[in-house]
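To keep things clear, I will list the structure first and then write my remarks on it.
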Amino acid sequence: MAANANSKQVYKGGLQLPISRIRTIMKSSPDVENIGQDSLFLIAKAAELFIQTLAQRACEDSKGLKDIGYNHVAEVIQTDDEYDFLREILPRKVKVKDIPGLEYKTEGDEEGSDEEEEPTEEGAEEQGVSEGEESS
């Protein structure tokens, strides 16, 4: 039987997140030594509910679009104080040309090139080093 794109894989205990991956993430903390099955299940269920709530908020804010994306989730996180702990992890996407103080040059610009300039003799002389001089 072929897996349908809309079908959800259900893991042990009716969870949709794989317990083994959650265990691996929990064990990556140096403070965690032993993980009980009950606590592992509760953390997995809490993570599922958190993801579901965040996705529902993003769906509501997307004004009826069929699919939600990164921008929708990031907007919820940036505007809702409940998710302020995620603001640095999921920032709004910003184009380079929209960042004040940065010059945005396209490939067609002739002002400068993307290649780094090689140091010249003049630059070396300015730093107090010339050909034939050795540092002692």
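The values are calculated or read from the model by the stated rules, or taken from the named source; none is laboratory data. Everything numeric here is computed off the predicted structure, so don't read it as measured data. Note that we place each Cβ from the backbone using ideal geometry, even for glycine, and neighbour counts take in every protein chain shown. What goes into the accessible areas is simple: the full protein's heavy atoms, side chains included, and nothing from ligands, DNA or RNA. Shrake-Rupley method; radii C 1.70, N 1.55, O 1.52, S 1.80 Å.
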Next item on the list: Among the residues of the stretch 51-72, write down those that are in contact with a Ser or Thr (Cβ under 6 Å, 6 or more places away or on another chain) and within 20 Å of residue 16 (Cβ to Cβ).
Entry: 68
Check: Taking interchain pairs and intrachain pairs at least six residues apart, which have beta carbon atoms under 8 angstrom, with the first residue in the stretch 22-34 and within 16 Å of residue 46 (Cα to Cα) and free of Cβ contacts under 8 Å to residues at least 60 places away in the same chain and the second assigned to a loop (DSSP other than H, G, I, E, B) and not hydroxyl-bearing (Ser, Thr, Tyr)?
Finding: 23/35; 26/32; 26/35
Margin query: Step by step: first the residues of the stretch 1-24, then only those that are farther than 14 Å from residue 48 by Cβ and open to solvent by 90 Å² or more (accessible area, probe 1.4 Å), then the one that is modelled with the lowest pLDDT. Which residue is that?
Written below: 1
Next item on the list: State which residue pairs qualify: first residue closer than 19 Å to residue 94 by Cα and inside the stretch 56-80, second residue small (Gly, Ala, Ser) and surrounded by fewer than 18 Cβ atoms within 10 Å (Cβ to Cβ) in any location, beta carbons under 6 Å apart, and separation of 6 or more residues or different chains.
Entry: 68/62; 72/62
